[in-house]
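The values are calculated or read from the model by the stated rules, or taken from the named source; none is laboratory data. For clarity, every value in this text was computed on a predicted model and none was experimentally measured. Reconstructed Cβ throughout: ideal geometry from the backbone, glycine too, with neighbour counts over all protein chains shown. Surface areas here come from the heavy atoms of the whole protein model, side chains and all, with no ligands, DNA or RNA. Shrake-Rupley method; radii C 1.70, N 1.55, O 1.52, S 1.80 Å.
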Amino acid sequence: MYQPSSRKEADMRLDSQVLDLETAVKDGILGGNCGVISTGFGLKKLDLKLMAEELESIDVPTVFICPISLEPMRDPVTLCTGQTYERSNIVKWFSLGHYTCPTTMQELWDDSVTPNKTLQQLIYSWFSQKYLAMKKRSEDVQGRVKEVLENLKKVKGQARVQALKELRQVVQAHGTALKTVVENGGIAFISSLLGPFTTHAVGSEVIGILVNLNLDLNSKSDLLQPAKISLIVDILNEGSIETKINCTRLIGMLMEGNDFASQNVASLSLLVGLLRLVKDKKHQSGVLSGLILLKTVCSNESVRNSFVNVGAVPQLVELMPGLNNECLELVLCILELLSSIPEGRLALKDCPNTIPNVVKLLMKASENCTLLALSILWSICKFAPEECASLAVDAGLAAKLLLVIQSGYDPVLKQRSAELLKLCSLNYTDNIFISKCKLTRTIE
């Protein structure tokens, strides 16, 4: 759906005045030269529907938009009220039994429609100018990409870094550049620049390009070679925040759909680098990227013990306060995965802030966060009931569980809450449990 810009809405409000093309041209709404352009193509040969689809992201003048569909008009017709619509839309309006002007709701004293040839010509002219200009820019971009790729095969050192930087900027700015890189064998060539002797300056630019490309299976397999993965992880640990995020995204792309990639990729150096990244709350995009990759890595059970051994659990627990819901859910998901192994449960139990921080999250964030938090608490309390259940009760868990049970949450969530409540009460008499949980008023 096309949305006119606020400036255009102010200049030409279709719901309050009759369309005035002369004023529109005078006020500059239609841009400069609005006549039929002279090109190598006949104007009518350019398909307006195709042009409109390819130019969908650009602001279209309000006078070109049908007030009914909010799409550019191809066959504009004007009613007796002076309002203009796409022919097919207004005909459908009439077929539904409406004999009013959709914009003004005035009753029509004449139901005939008049083709607005002037506006139709202006629409074709405007879209043709924009379309041909876009095609020209696209051709320029494609030519520049080919030049840079050829140049990269010849240059070394700082000149190579500069050429890669230019290619990265072009690829990030223009979608057509991506296709040109792929069609000219750019992925294989750019990937070949990563190796044991690649400088971090070159590697950072290569990675910045690769994360913007659609990598096929062969390209991913090539990049998963130990020497290349090792370099990417080294750059992740030492690069700028933008480079760290690019490395994280690239590793995530390589692991996508590959169940064995976690074992090949998940070195201690990667896990430590990702922990550093997610702890840097000044860069939220880095926190999110790092947590997404950590969740993917920890989905492989063989990696979880290594992650626990690098001290991940207390660091993730301390990270929770202040996170947004999306990041918080990822942290809880990772901790739940770690709680599935004995080492993870022990680390969660030994961290003094695990129970207080997790209990606070019950019914505070999303329903999924509550479900994950309950699963973590269940694992800990089941692992060490005498020690952890009492700590959980002191942290206010029982009152929270009652609220969950009485809420409109999923039955599975309520059942898990009831089981955890029963587990927490085992070490107390009824009266002591009620008093410790401060539930007297709730029960009465």
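At 7 Å along Cα-to-Cβ for each site, give me the label-to-label distance between LEU426 and VAL91 in nm.
7.5 nm
Once both labels are modelled 7 Å past Cα along the beta-carbon direction, what's the GLU242-GLN406 spacing in nm?
Spacing of the two 7 Å Cα→Cβ label points: 5.4 nm.
Please give me the summed charge of the neighbours of GLN284: other residues whose Cβ is under 14 Å from its Cβ, Lys and Arg +1, Asp and Glu -1. Please report the intermediate quantities before stating the final value.
On the way: positive: LYS244, LYS279, LYS281, LYS282; negative: GLU242, ASP280, GLU326.
In short, +1.
Keeping all protein chains in place and using 1.4 angstrom, which order do PHE307, PHE94, PHE197 fall into by accessible surface area, from largest down?
PHE197, PHE94, PHE307
Fully extended, how many nm does the chain gain between ASN218 and GLU326 (0.36 nm per residue separation, minus their Cα-Cα distance)? Present the calculation step by step, with values, prior to reporting the outcome.
Details: separation 108, 0.36 × 108 = 38.88 nm, distance 3.26 nm.
That works out to 35.6 nm of additional length.
Using a Förster distance of 30 Å, how high is the FRET efficiency between ALA173 and ASP47, based on the Cβ-Cβ distance and rounded to 0.05? Don't jump to the answer; show the numbers that get you there.
Working: r = 27 Å, r/R0 = 0.89.
That gives a FRET efficiency of 0.65.
Go through region 47-88 and name the GluC sites (Glu not before Pro) that are in a DSSP coil and have 12 or fewer other Cβ atoms within 10 Å of their Cβ.
Values: sites: GLU53, GLU54, GLU56, GLU86; in loops: GLU56.
Qualifying residues, ordered by number: GLU56.
Contact order normalised by length for region 58-115, with contacts defined as Cα pairs under 8 Å and 6 or more residues apart; what percent is it?
Details: 66 pairs, mean separation 19.3, N = 58.
With pairs under 8 Å counted, the relative contact order is 33 percent.
With N denoting the number of residues in region 138-236, provide Rg(C-alpha) divided by 2.2 N^0.38 Å, to two decimal places.
Working: Rg = 12.7 Å, N = 99, 2.2 N^0.38 = 12.6 Å.
Rg over 2.2 N^0.38 Å, computed on Cα atoms: 1.01.
Taking a ≥ b ≥ c as the square roots of the Cα gyration tensor eigenvalues, with a/c under 1.5 meaning rounded and otherwise prolate when a/b beats b/c, else oblate, which class fits region 272-387? All intermediate terms of the calculation are to be shown ahead of the outcome.
Values: a/c = 1.68, a/b = 1.19, b/c = 1.41.
Oblate, because a/c is 1.5 or more while a/b does not exceed b/c.
Which FRET efficiency value, to the nearest 0.05, do you get for ALA384 and LEU193 by plugging their Cβ-Cβ distance into 1/(1 + (r/R0)^6) with R0 = 30 Å?
Efficiency, rounded to the nearest 0.05: 0.05.
Ranked by accessible surface with a 1.4 Å probe, highest first, in what order do VAL412, VAL265 come? Before the final figure, lay out the partial values.
Numbers: VAL412 100, VAL265 0 Å².
Descending accessible area places them as VAL412, VAL265.
Take every Cα-Cα pair in region 58-115 and report what % of them are more than 12 Å apart.
Working: 1043 of 1653 pairs.
Tail of the P(r) past 12 Å holds 63 percent of the pairs.
For region 265-311, what D do you get in µm² per second when you plug the Kirkwood radius from alpha-carbon pairs into Stokes-Einstein at 4 °C and 1.567 mPa s?
Working: Rh = 10.7 Å.
Estimated diffusion coefficient is 121 µm²/s.
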